[in-house]
Amino acid sequence: MHGYTLNQIRLQEERQRISELKESILLVERSLIEKVENLTKAQNIMRILADFSQGLEILDAYDHQNLATTGKSNQPEIHIGAEDLLEIVDAMRRDFDSDVFGRPMGDSFTSSIQ
């Protein structure tokens with residue numbers, strides 16, 4: 001029973017965080033509309049924030065095994081091996097000025113692609 005209670009508490013905390021993020025995005029939107037001189041720039045920023053918000057909702061649905069299956073592809077899935085993924089990350093590394101981008105932490109990378 002404790003595991004169920006802990007999961008319920010965690011679920012409620014996650015929902016609260018998502019709600020707070022959405023409120024923050026709306027606040028940024030209002031602020032941008034008032035302050036940004038270039039409408040195109042403001043629209044681009046809002047598009048990015050909207051996509052980010054949608055990504056959060058998808059991740060939340062995945063975490064709770066609640067993803068919609070509409071639009072599901074009938075194409076066979078393609079499995080990409082760890083070596084190929086690491087090559088892609090290595091190629092992307094030159095686009096990021098960071099000491100941490102693409103640096104593995106323990107076996108978290110391998111466990112995330114299996």
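The values are calculated or read from the model by the stated rules, or taken from the named source; none is laboratory data. Fair warning: this is a prediction, and the values are worked out from it, not measured in the lab. Counting neighbours? That spans all protein chains shown, and the Cβs are built from the backbone with ideal geometry, glycine included.
Residues are listed down the side, and each one gets a yes or a no for (1) within 30 Å of Arg10 (Cα to Cα); (2) small (Gly, Ala, Ser); (3) at pLDDT 75 or above:
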residue	(1), (2), (3)
Leu26	yes, no, yes
Ser31	no, yes, no
Thr40	no, no, yes
Arg47	yes, no, yes
Ser53	yes, yes, yes
Glu57	yes, no, yes
Asp63	yes, no, yes
Thr69	yes, no, no
His79	no, no, yes
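When residues of the stretch 81-96 are filtered for being in a loop (DSSP other than H, G, I, E, B) and surrounded by 10 or more Cβ atoms within 10 Å (Cβ to Cβ), how many remain? Number of matching residues: 1. Asn74 - would you say it is over 30 Å from Gln12 (Cα atoms), in the same structural domain as Arg10 (by TED's automatic domain parsing) and not small (Gly, Ala, Ser)? Considered against the rule, which asks whether it is over 30 Å from Gln12 (Cα atoms), in the same structural domain as Arg10 (by TED's automatic domain parsing) and not small (Gly, Ala, Ser), Asn74 comes out as no.
Considering the stretch 97-113, and only residues there that are under 30 Å from Arg15 (Cβ atoms) and touching a residue at least 24 places away in the same chain (Cβ under 8 Å), the residue that is surrounded by the fewest Cβ atoms within 10 Å (Cβ to Cβ) turns out to be Ile113.
Annotation: Ile78 fulfils all but one of (1) exposed (fewer than 10 other Cβ atoms within 10 Å of the Cβ); (2) not in a loop (DSSP other than H, G, I, E, B); the unmet one is (2).
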